[in-house]
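S.K.: Before we start, here is the structure in question, set down as structure tokens.
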Amino acid sequence: MAEGYVLVTGGDRGIGRAIVLRFARAGYTVFFTYHRNREAAEETLRLVREAGGEASYTRMDVSDPASVEEARAWVESRAPHLNVLVNNAGILHLGALEETSLEDWEMVFRVNVTGVFLVTKTFLPLLRRAPWASIVNVASIAGQTGNVVASAAYSASKAAVIGLTRRLAVELAPAVRVNAVAPSFVETDMVKALIDTPEKRRRAAELHPLRDIARPEDVAEAVYFLATPQSRFITGQVLGVNGGRLTA
Ligand SMILES: NC(=O)c1ccc[n+]([C@@H]2O[C@H](COP(=O)([O-])OP(=O)(O)OC[C@H]3O[C@@H](n4cnc5c(N)ncnc54)[C@H](OP(=O)(O)O)[C@@H]3O)[C@@H](O)[C@H]2O)c1
């Protein structure tokens, strides 16, 4: 079994839950955070225990410096260091530019971009203390292409996450590797409204040469590879989990 300490933001449901389970099954000690959905966090913990893993959770609003600091103190009282930070928490705002208010724009940036900045900066001393360490940011294909889904603020925020990933890979080397994953459609609450009928689902699947949409576990596998020492010479990369969509 692998040994090490992992923090996953937004680990209570969706992609985050699959990431928590992936690391817990491999033997890592996993810390994860939720924002509003404590019941989902409890369910994730139950699933981890059922799989014979070890995890615990706390609340953290990634956009609130005081909340991030509280979570840091909580992790620090339970672990000597962090080997892996997965910046997974994020929100989607659906809307073209003309349907996006300044408040919508700022909210998306506060969670998706400032959140990654705050959490990374706050937990960096714990990562630096580890014998090996890496960060994986959950970006999106929306930050790489003019997305088919109308989401101006979201696309811009995920492009910012990719830029931050590339810069931090240089800045934090050689102590900490920094990579990102860029999923396309993943079957979670976030895109539920876009795939909630067989017809919508079929149309979403047809965007991808592999003729399907991703499962949370598909993304978790990519995150696990980029986070752990099997990818020791890979940093600053963005791994698409997109069924071939970007190359189509
Ligand atoms: N689903 C997709 O198709 C897709 C595609 C590409 C990229 N992504 C990215 O993948 C990541 C996970 O998305 P998902 O699909 O799993 O979405 P989801 O099911 O909606 O889950 C979002 C997660 O983020 C947490 N969160 C939201 N606001 C937060 C805040 N202010 N502070 C801390 N945590 C917060 C939520 O916590 P609560 O449960 O407590 O609210 C939840 O754990 C996101 O970064 C998303 O942009 C998703």
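S.K.: For the chain, with the dipole built from +1 on Lys and Arg beta-carbon atoms and -1 on Asp and Glu ones, taken about the Cα centre, which of 51, 102, 14 lies farthest toward the positive end?
M.R.: The listed residue farthest towards the positive side: 51.
S.K.: Hey, with R₀ at 22 Å, roughly what FRET efficiency would residue 78 and residue 189 work out to, going by the Cβ-Cβ distance, to 0.05?
M.R.: 0.20
S.K.: Using a Förster distance of 22 Å, how high is the FRET efficiency between residue 170 and residue 132, based on the Cβ-Cβ distance and rounded to 0.05?
M.R.: So, using R0 = 22 Å, E works out to roughly 0.75.
S.K.: Would you list which lysines come within 21 Å of residue 192, measuring only between C-alpha atoms, while excluding same-chain residues fewer than 8 positions from it?
M.R.: List returned: 158, 200.
S.K.: Okay, moving on. Averaged across orientations, what area in nm² does the convex hull of the alpha carbons in segment 149-248 project?
M.R.: The directionally averaged projection comes out at 7.1 nm².
S.K.: Among bridges DSSP assigns within the chain, what percent are antiparallel (round to 5)?
M.R.: Restricted to the chain, the bridges split so that about 0 percent are antiparallel.
S.K.: Then there is this: Could you sort the peptides 168-180, 192-204 by per-residue average Cβ neighbour count (10 Å cutoff), highest mean leading?
M.R.: The peptides rank, most packed first, as 168-180, 192-204.
S.K.: Can you list the aspartates and glutamates whose alpha carbon sits under 19 Å from that of residue 121, skipping same-chain ones fewer than 8 residues off?
M.R.: List returned: 61, 64, 69, 70, 76, 171.
S.K.: Suppose only helical runs count, i.e. DSSP H with n ≥ 4. What mean residue ellipticity at 222 nm does that imply for the chain under -39500 (n - 2.57) per run, divided by all residues and rounded to the nearest 500 deg cm²/dmol?
M.R.: When only DSSP H runs of four or more count, the value is -13000 deg cm²/dmol.
S.K.: Treat each spin label as a single point 7 Å out from the Cα along the C-beta direction, and report the residue 26 to residue 101 distance in nm.
M.R.: 4.2 nm
S.K.: Could you list 97, 21 so that the one with the fewest beta carbons within 10 Å of its beta carbon is first and the one with the most is last?
M.R.: Least to most surrounded, the residues fall as 97, 21.
Each reported figure results from applying straightforward, stated rules to the coordinates on display, with no laboratory input. These figures come from a predicted structure and were not determined experimentally. Methodologically, a virtual Cβ is constructed for each residue, glycine included, from the backbone with ideal geometry; neighbour enumeration extends over all protein chains shown.
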